[in-house]
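The values are calculated or read from the model by the stated rules, or taken from the named source; none is laboratory data. Note that the coordinates shown come from a computational prediction; the quantities given were computed from them, not determined experimentally. Cβ placement follows ideal geometry from the backbone for every residue including glycine, while neighbour counts extend to all protein chains displayed. Side chains are part of the model used for accessible areas, which takes the heavy atoms of the whole protein and leaves out ligands, DNA and RNA. Shrake-Rupley method; radii C 1.70, N 1.55, O 1.52, S 1.80 Å.
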Amino acid sequence: MKKINKIAVISSGNGGQSMAAYFSYLGYRVALYAREAERVDMFPDFKFVLSGEVNAETELELISSNMGAVVKDAELIMVTTPAQYHPIVARAMAPHLADGQAVVLNPGRTFGTLTFTRVLAECGSKAKIMLGETDTFTFTCRCPKLRHPQIYKIKDAVRLAAHDNSYAYELLELLHEVFEMYSLAESVLYTGFSNIGMIFHPMPILMNITRVEAKEDFKFYVQGISPLVAGILEKMDLERVTVANAYGVTVPSARRWLEECYGSRGDSLYEQIQNTDAYKTVLAPTDIDTRYIFEDILTGCVPTSCAGKAAGVKTEVLDTLIRWASILYGRDFRAEGRNENLIDFASYLK
């Protein structure tokens with residue numbers, strides 16, 4: 001018997017449109033939230049055409065910039081915004097949450113639920129919700145045309161962690177209704193330090209910055225990650241895994257993650273990326289103002305670097321990436337990110 005009747009999806013980007021259309025295809029009532037009214041006005045109607053792993057026409061119940069209307073009566077709220085917007089979403093959502101609702105940051109990136117709960121508390125929210133986060137977005141997808149999402153791959157393995165382990169199994173049971181591939185992680189430290197986006201996204205953008213700035217049409221993973229770039233990614237990935245170990249958490253390497261999520265094999269990270277079918281047609285961003293920089297540095301690289309510093313773990317590649325991006329973009333990513341001013345990293349040390 002279904003426990004979910006209505007699902008609210010927060011964000012009308014690639015992931016939000018894909019997930020909303022997919023849930024509607026499964027037969028749920030679906031409301032999609034877009035932060036700006038102008039964005040809502042871009043949708044001529046609520047009809048969507050799914051392609052890729054699912055080929056279907058479907059229709060949402062609502063697309064709105066009214067957060068209250070979107071989340072009202074929703075048993076499940078999936079937050080698919082880039083993670084740097086979690087505080088904004090939490091502030092907008094705080095007055096409208098009700099006891100018993102499940103809110104899932106998909107994904108939370110690094111220290112996502114902690115950021116979200118802090119803002120809810122600041123806003124005076126008293127709702128007893130089940131808050132969780134995933135280690136990765138559930139799909140590999142794009143939306144090249146409004147209302148026409150393409151799901152290249154529904155990932156084989158996604159880890160879910162509850163902010164409070166007291167309701168972890170209840171949250172997992174609820175989500176198994178829609179995603180059977182979800183499995184329970186030991187804690188949000190596991191999902192947070194399993195942030196693969198911070199490995200695969202910002203460095204390839206920086207290494208291909210002139211191509212992106214010129215709006216060159218190239219395949220992000222297949223052509224943007226050369227053997228040299230992949231070698232740098234492996235060094236940065238080792239830093240991530242080492243920091244996680246310092247906090248008592250054993251997380252998969254990027255190579256193991258590719259094998260678990262996509263079944264990708266190879267003798268090196270480069271070969272595995274080249275052998276990942278879901279990556280073969282994914283195009284690079286055509287604007288340097290991309291979530292591959294702002295989301296993944298602010299909510300992945302920065303907190304992992306800060307966590308490393310608190311634990312006495314050197315993160316030379318991560319630190320260099322943050323400084324390099326700050327110079328290129330003319331802003332202080334470390335100061336803007338999930339840093340030690342927001343999170344007491346030392347309190348999480350084992």
With a length cut of 15 Å (Cα positions projected on each helix's long axis) and a Kyte-Doolittle mean of at least 0.5, go through the chain and give me the DSSP H helices that pass.
112-122, 227-246, 316-329
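For every helix of n ≥ 4 consecutive DSSP H residues, a contribution of -39,500 (n - 2.57) applies; sum these over the chain, divide by its total residues, and give [θ] at 222 nm rounded to the nearest 500 deg cm²/dmol. Could you put the intermediate results ahead of the total?
Working: 18 runs with 144 residues, N = 350.
Here the helix-only value at 222 nm equals -11000 deg cm²/dmol.
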Taking residue 350 as the anchor, which lysines have their alpha carbon closer than 22 Å to its alpha carbon, excluding any fewer than eight residues away along the same chain?
309, 314
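Mind running the shape call on segment 229-333? Use the C-alpha gyration tensor, a ≥ b ≥ c as the square roots of the eigenvalues: rounded below 1.5 for a/c, prolate if a/b tops b/c, oblate otherwise. Write down the numbers at each step before the final one.
Numbers: a/c = 2.19, a/b = 1.15, b/c = 1.90.
Since a/c reaches 1.5 but b/c is at least a/b, the shape of segment 229-333 is classed as oblate.
Report relative contact order for the chain in percent, whole number only (criteria: Cα-Cα under 8 Å, sequence separation at least 6). Don't skip to the answer; put the middle values down first.
Values: 683 pairs, mean separation 49.5, N = 350.
Across the chain, relative contact order equals 14 percent.
Can you flag which of 145/215; 47/215; 128/153 are past 27 Å Cα-Cα? Let's see the in-between values first.
Details: 145/215 18 Å; 47/215 30 Å; 128/153 34 Å.
Long pairs (Cα-Cα over 27 Å): 47/215; 128/153.
Test of understanding: what is the full-extension gain from residue 265 to residue 242, defined as 0.36 nm times their sequence separation minus their Cα-Cα distance? Write out the running numbers ahead of the final one.
Values: separation 23, 0.36 × 23 = 8.28 nm, distance 2.30 nm.
Gain on extension, residue 265 to residue 242, equals 6.0 nm.
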Please report Rg (one decimal) and Dmax (integer) in Å for the Cα set of segment 185-244.
13.7, 43
Evaluate 2.2 N^0.38 Å with N set to the residue count of segment 208-280, then give the Cα radius of gyration divided by it.
1.24
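What FRET efficiency comes out for the pair residue 61/residue 211, r = Cβ-Cβ distance, R0 = 51 Å, nearest 0.05?
Details: r = 41 Å, r/R0 = 0.80.
That pair, residue 61 with residue 211, gives E of 0.80.
Per residue, how large is the accessible surface of segment 36-178? Use a 1.4 angstrom probe and give square angstrom.
Details: 5930 Å² over 143 residues.
Counting only protein heavy atoms, the per-residue value for segment 36-178 is 41 Å².
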Label zone at residue 320 (point 7 Å along Cα-to-Cβ), backbone N below 13 Å, segment 175-213
203, 207
Per the C-alpha gyration tensor (a ≥ b ≥ c, the square roots of its eigenvalues), segment 298-348 is rounded if a/c is under 1.5, else prolate if a/b beats b/c, else oblate; here it's oblate
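Rounded to a whole number, what is D in µm²/s for segment 103-192 from Stokes-Einstein with the Kirkwood radius over alpha-carbon pairs (10 °C, 1.306 mPa s)? Don't skip to the end; give the middle numbers.
Values: Rh = 13.9 Å.
Rounded to a whole number, D works out at 114 µm²/s.
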Testing the spin-label approximation: label points 7 Å from Cα along Cα→Cβ at residue 146 and residue 122. State their distance in nm.
3.2 nm
Using only Cα atoms, locate the centre of segment 269-314 and the centre of segment 178-219, then give the distance between them in Å, rounded to an integer.
4 Å
